[in-house]
C-alpha cells in the first residue's frame with residue numbers, strides 16, 4: 001500500500017508541475033522563440049527532477065523490500 005501512495009505523490013507533483021507551467025505560459029506570454037526555449041528548459045529540468053524522484057523511490061522500495069526479507 002505504501003508503494004502505491006508514493007506513486008500517487010510523484011504523480012501529483014508531476015501533474016502540479018504541468019499545470020503550473022501551462023498557467024505560467026498563459027499568463028506571461030513572450031515571443032514564440034522565447035516561449036519555446038522556456039518550455040524546453042522546463043521540460044529538461046522537470047525530466048531531471050522526475051528521474052531523481054524515481055531513483056529515490058526505487059531506492060526506498062529496495063530498502064523496504066530488504067527489511068521485509070530480513071524479518072522473514
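Answer yes or no: is there a residue in segment 28-48 that is in contact (Cβ under 8 Å) with a residue 24 or more places away in the chain, under 18 Å from the mean Cα position of the chain (by Cα) and surrounded by 10 or more Cβ atoms within 10 Å (Cβ to Cβ). Scanning segment 28-48 turns up at least one residue that is in contact (Cβ under 8 Å) with a residue 24 or more places away in the chain, under 18 Å from the mean Cα position of the chain (by Cα) and surrounded by 10 or more Cβ atoms within 10 Å (Cβ to Cβ).
The residues on offer are 39, 61, 25, and the sole one that is part of a helix (DSSP H, G or I) and either modelled with pLDDT under 80 or touching a strand residue (DSSP E or B) at 6+ places or on another chain (Cβ under 9 Å) (or both) is 25.
Taking the listed residues 56, 11, the one that is surrounded by 12 or more Cβ atoms within 10 Å (Cβ to Cβ) and assigned to a helix (DSSP H, G or I) is 56, with no other qualifying.
The values are calculated or read from the model by the stated rules, or taken from the named source; none is laboratory data. The structure presented is a predicted model; accordingly, all values stated were derived computationally and were not measured. A quick note on method: Cβ atoms are made from the backbone with ideal geometry, for glycine too, and the neighbour counts reach across all protein chains shown.
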